[in-house]
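Read-outs: derived from the displayed coordinates by stated rules, not from any lab. A quick note: this is a predicted structure, and the numbers were derived from the prediction, not measured. Here the Cβ positions follow ideal geometry from the backbone for every residue, glycine too, while neighbour counts run over all protein chains shown.
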Amino acid sequence: MDIGIIGAGSIGLLLAAYLAKDHQVTCYVRRDEQKDQILRKGIVLHDSQHTPHKSFRVNAEKLEVLDRHDFYMVCVKYPQLADVLQMLEEKADTQKPVLFIQNGMAHVDVISCMQRTVFVAVLDHGAKRINDHTVIHTGKGSVQAGVIEKREETLLQDMLKALHTHEFPWLYHDDPVNLLKQKLVVNAAINPLTALFDVQNGEILTNPYLNHLAKGLCEETCQVLELEFGQNWEYVQSVADRTKLNSSSMREDIRRGKPSEIDTISGYILSKGSQNSYTSFVYNGIKAKERSGRESFD
Ligand SMILES: NC(=O)C1=CN([C@@H]2O[C@H](COP(=O)(O)OP(=O)(O)OC[C@H]3O[C@@H](n4cnc5c(N)ncnc54)[C@H](OP(=O)(O)O)[C@@H]3O)[C@@H](O)[C@H]2O)C=CC1
Ligand SMILES: CC(C)(CO)C(=O)C(=O)O
């Protein structure tokens, strides 16, 4: 298949490296330096500490020259999604499907209104970009994708069969919105707290005050999403334990002065419910951090 991957950060580079083995891949980036690095050196993938790294040849282009492909995959973070959607509307082949892999849920409302075939996916891979053309596969998992419109099921299933390998599984899920909801509970309870208090994920379990706040966030999120609390709170705690030494993506964004995904995580919950005092506090707290970060760069 001929695949266009938009955004070559941790996830875009990871997908591009694995797909390049069997498919023709073009990475769309926004900086000339990144385009040059990928074209000159290929994508370097470190998939474990014990195997030598491998390099994969892919094409690279600036997003402004977005071309025709069989399948588009959007791998930018939520704050950059609006620019990409505009470019897709203007330049991408309207007959070809687009897969969105963002965390959070605010994008679902937006993409559901697009006049084209859209799919959503949830990844449980861990990936970390170490430079413009190198990515470490920090945690192996799968990509689970599903449709928004039932009538597009067969098309997606056929495409996933073409992408799937034992080494890097691409799986069909018949209720992707539910998967996104479960992931949203984890991100809503862990990400803003770890960013506000500048702690690793494990502190949610070991600091009783943070544990109390995380539980409150989890309760509010489950209520808005109409999910059972007990099971989801267990899940949040198991993820915090499994990733106890990780620094959450929101903490990293705030530390680097980059816009976070707060609007599609806590912001989405606030947009759907009214009595959410814990969520409102962390939402405004992260917004305040983003604002002060920006002022210090001005
Ligand atoms: N990392 C992970 O392990 C996981 C991430 N996710 C989700 O996947 C999504 C992507 O995450 P991740 O890869 O970590 O994010 P990154 O920040 O690493 O990558 C985003 C990339 O998008 C690029 N980008 C931004 N705007 C544009 C644009 N207009 N045109 C072209 N490229 C653009 C950025 O370019 P530049 O380098 O120039 O800033 C960057 O390379 C997020 O929603 C995240 O929540 C989900 C599961 C796991
Ligand atoms: C699961 C968790 C919290 C792992 O750090 C994550 O998804 C993130 O940081 O965005």
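Some notes on this structure:
- Among the trypsin sites (Lys or Arg not before Pro) within segment 248-293, those in coil by DSSP and having at most 16 neighbouring Cβ atoms inside 10 Å are R256.
- Mean separation of Cα contacts under 8 Å (6+ apart) over length of the chain, as relative contact order %: 15 percent
- Computed [θ] at 222 nm, helices only, for the chain once each DSSP H run of length n ≥ 4 contributes -39500 (n - 2.57): -14500 deg cm²/dmol
- Neighbour net charge for K62 - beta-carbon separation under 12 angstrom, K R +1, D E -1: -2
- Charge dipole (segment 179-289, unit charges on Cβ, about Cα centre) - positive-most of I190, T243, A288: A288
- Built amide H within the under 5 Å cut-off of K62, gap 5+: V29
- Antiparallel content of DSSP bridges confined to the chain, in %, to 5: 35 percent
- 10 Å Cβ shell holding at most 13 others, DSSP loop, GluC sites (Glu not before Pro): longest site-free stretch of the chain: 1-148
- Cα gyration tensor of the chain - equivalent ellipsoid semi-axes, whole Å, descending: 31, 22, 19
- 5 angstrom amide H check on G9, placed H, neighbours 5+ away: none
- Remark: segment 198-204, residue by residue, has Karplus-estimated 3J(HN,Hα) of 6, 10, 6, 4, x, 5, 4 Hz, where x stands for each Gly or Pro and the curve is 6.51 cos²θ - 1.76 cosθ + 1.60 at θ = phi - 60°.
- In segment 116-183, trypsin sites (Lys or Arg not before Pro) in a DSSP loop with at most 15 other beta-carbon atoms within 10 Å: R116, K140
- Difference of contour (0.36 nm per residue) and Cα-Cα distance, E152 to E228: 24.4 nm
- Here segment 1-57 and segment 218-245 have alpha carbon centers that stand 33 Å from each other.
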